[in-house]
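Student: First, the structure itself, so that you have it in front of you.
Just so it is clear, none of the values below were taken in a lab; they were calculated from the coordinates. Note that the coordinates shown come from a computational prediction; the quantities given were computed from them, not determined experimentally. Here Cβ is always computed from backbone atoms with ideal geometry, including for glycine, and neighbour counts include all displayed protein chains.
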């Protein structure tokens, strides 16, 4: 089935980053927690950067099968 | 049997056709609809006149068309006067027009207006009915001809701006009989497939007839029913279609659609840099606040066992730093350790490292307040000096006049 939702998602990563930064900027977190947030934030930005760099354009063709399911095929 | 003697050449046949046709249709009036209209730099106009059964090539030379009182356009119904001419070299005939008048608005235009009014009455162009476009689409569905320029334009733009975005093409017939239904099917297939974040519906420029499927109700309804946001990019900037009006977003061209929907790598980089510097700043603030707290602590407790307190403080700070640095090491390559200046700044702020550079801190007694000015202490008054290694008592002799 074509409906996997596991792939990397900038939308989600950015929402997470926004949350981390807001928490850090509030200054309400303990040092322990702040360091954790810091680490997480930096890791996330790195993942995003890698995602930007690891760029091979993927193009597929949507093909409807006779049993009404869908398949992604390479473009001929 | 036919032999060469009985046959005639192509030229001879064409000459006979030419003579017959041109003699018979020397001065005629015909009505029809203009399509494939072209006004060349030479000033001549070339187009096709058609009705629902047939079409004929038409030309109106500059010498005649300069007197036209209207601007001919595709889809217009016109009444024309002229004569048939045969172009022998290419073997076709055409009408060479001397006079032309518009005869009402073309039927396609009427149909367009009728559907537009109907959809507007149903409230289907309302802004609030429109879905918003995703900020970072992961996967973009594309509905267009596999062989047109539009598909290549879209792929190119996305490759340049956002190669990390995946593309799912659903090839569709974009002109002629059955095109509207195929486009409508494509939209509903994407909605069943679900795994794209947005759909670009596009085709390159063409005549009104070519673009017509995008003005049909089947396409309009499919767009309206779609749960996935749709960008319509039909024809050139100046072409407006029903599909443009009901879609969630109208892009002037297929390339523009791809441009609009993809945040470029650079834009994403800018966002990331922004987040990163906010993270850096807040950590830097946090640690500075922490220093202050420790300084306060130190000052309050320095009365007793100052060296112990200093040791304790430094232990905490060293501990903090090592965790901080470890966190940095773990999360980044050493060479792009952009936080290094921050680390150095914080190290420099550490009171112990200041003392180790040879400075001392003087405390007024008995309250152990830091002496910040010569006037804080009277002559002959005792005070305390703290060095990196140990503290001792001292006495002020006199003020030294500044030069």
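Student: Taking every pair of Cα atoms in the range B:189-232, average 1/r, invert it to obtain the Kirkwood radius, and report Rg/Rh to two decimals.
Tutor: 1.01
Student: Calculate, axis by axis, the spread of Cα positions in the range B:10-104 along the three principal axes, and write the results as whole Å, longest axis first.
Tutor: On the principal axes, the range B:10-104 reaches 40, 30, 21 Å in Cα extent.
Student: Let me ask you something else. Quick check: the distance between the Cα centres of the range B:164-241 and the range B:1-52, to the nearest angstrom?
Tutor: Their Cα centres are 38 Å away from one another.
Student: Averaged over all directions, how much area does the convex hull of the C-alpha atoms of the range B:45-147 cover when projected, in nm²?
Tutor: So the mean shadow area of the Cα hull is 12.1 nm².
Student: Per the Kirkwood formula on distinct C-alpha pairs, the Rh of the range B:360-403 is how many angstrom?
Tutor: Kirkwood radius, the range B:360-403: 10.9 Å.
Student: Can you sort B:389, B:129, B:401, B:50 from fewest to most other Cβ atoms within 10 Å of each residue's own Cβ?
Tutor: Result, fewest neighbours first: B:401, B:389, B:129, B:50.
Student: Here is a further query. Quick check: residue separation of residue B:397 and residue B:382 times 0.36 nm, minus the Cα distance between them. What number comes out in nm?
Tutor: 4.4 nm
Student: Follow-up question, since we're still on this one. Roughly how crowded by other chains is peptide B:166-174, in terms of the mean Cβ count from those chains within 10 Å of each of its Cβ atoms?
Tutor: 4
Student: For peptide B:183-195, compute the average count of partner chain beta-carbon atoms within 10 Å of each residue's beta-carbon.
Tutor: 3
Student: Can you work out the FRET efficiency for the pair residue B:12 and residue B:133, with r the C-beta to C-beta distance and R0 = 56 Å, to the nearest 0.05?
Tutor: Computed FRET efficiency for residue B:12 and residue B:133 comes out at 0.30.
Student: Translational diffusion coefficient, Stokes-Einstein: compute it for the range A:10-74 using the Kirkwood radius over C-alpha pairs as Rh, at 37 °C and 0.692 mPa s, and state it as an integer in µm² s⁻¹. The partial results should precede the final answer.
Tutor: Details: Rh = 14.8 Å.
In µm²/s, the coefficient is 221.
Student: Could you give the C-alpha radius of gyration of the range B:110-263 expressed as a fraction of 2.2 N^0.38 Å, taking N as the number of residues it contains?
Tutor: The value comes to 0.94.
Student: For a paramagnetic label modelled at 7 Å from the Cα of residue A:12 toward its Cβ, which residues of the range B:174-213 fall within the zone defined by backbone nitrogen distances under 19 Å?
Tutor: Hits in the range B:174-213 for residue A:12 at 19 Å: B:194-198.
Student: Continuing with this model, one more query. For peptide A:33-40, what's the mean number of Cβ atoms from other chains within 10 Å of each residue's Cβ?
Tutor: 5
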